[in-house]
1. Please list 37-50, 82-95, 15-28 highest first by mean number of surrounding beta-carbon atoms within 10 Å per residue.
2. Using a simple spin-label model with points 7 Å from Cα along the Cα→Cβ vector, what separation in nm is obtained for S25 and R78?
3. Which log10 I(q)/I(0) values does the stretch 10-108 give at q = 0.18, 0.20, 0.23 Å⁻¹ under the Debye formula, counting every alpha carbon as one identical point scatterer?
4. Between L91 and L40, what length in nm is gained on full extension when 0.36 nm per residue of separation is reduced by their alpha carbon distance?
5. So if we plug the beta-carbon distance of I68 and E9 into 1/(1 + (r/R0)^6) with R0 = 30 Å, what FRET efficiency do we get, rounded to 0.05?
Amino acid sequence: MPSTKEYRERIYIRKDIILKLVQYSSLTQTALLSYCGLNLQKHKEILDGMAEKGLIAKTEKMWGSKKITIYKATEKGRQFCKIILEPYEALFPRFKKRSRSKRRELSFGNDLS
């Protein structure tokens with residue numbers, strides 16, 4: 001049975017992260033990963049890279065005996081999203097819209113004679 005989830009390019013993952021952080025002001029690592037549909041083991045590298053480049057801010061706080069990580073979007077991240085990522089997505093949309101006749105050709109094949 002084929003998976004219904006589609007592959008999401010890293011550039012769109014970065015945009016989703018910044019947009020969620022702008023939307024919620026700040027999020028814990030768990031909430032951010034959940035809202036963006038990410039996995040910590042697979043995507044921690046992206047979060048760390050964005051923090052190193054100053055696109056998001058990462059702070060760690062103690063909550064009782066537990067340490068929690070909180071992320072916020074930076075002004076540099078907002079500008080990166082507005083100047084780079086939004087025009088990129090306008091040129092290369094995530095989901096290509098297919099015309100109804102094209103979908104029909106794909107579902108029935110090209111040999112309709």
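Just so it is clear, none of the values below were taken in a lab; they were calculated from the coordinates. Here the structure is a predicted model, which is why all the values come from computation and not from measurement. Here the Cβ positions follow ideal geometry from the backbone for every residue, glycine too, while neighbour counts run over all protein chains shown.
1. Numbers: 37-50: 13.6, 82-95: 11.1, 15-28: 17.2.
Ranking the peptides 37-50, 82-95, 15-28 by packing returns 15-28, 37-50, 82-95.
2. Using points 7 Å along Cα→Cβ, the separation is 1.3 nm.
3. After summing over all Cα pairs, the log10 values are -0.83, -0.97, -1.20.
4. Working: separation 51, 0.36 × 51 = 18.36 nm, distance 2.94 nm.
So the chain would gain 15.4 nm between L91 and L40.
5. Values: r = 29 Å, r/R0 = 0.97.
That pair, I68 with E9, gives E of 0.55.
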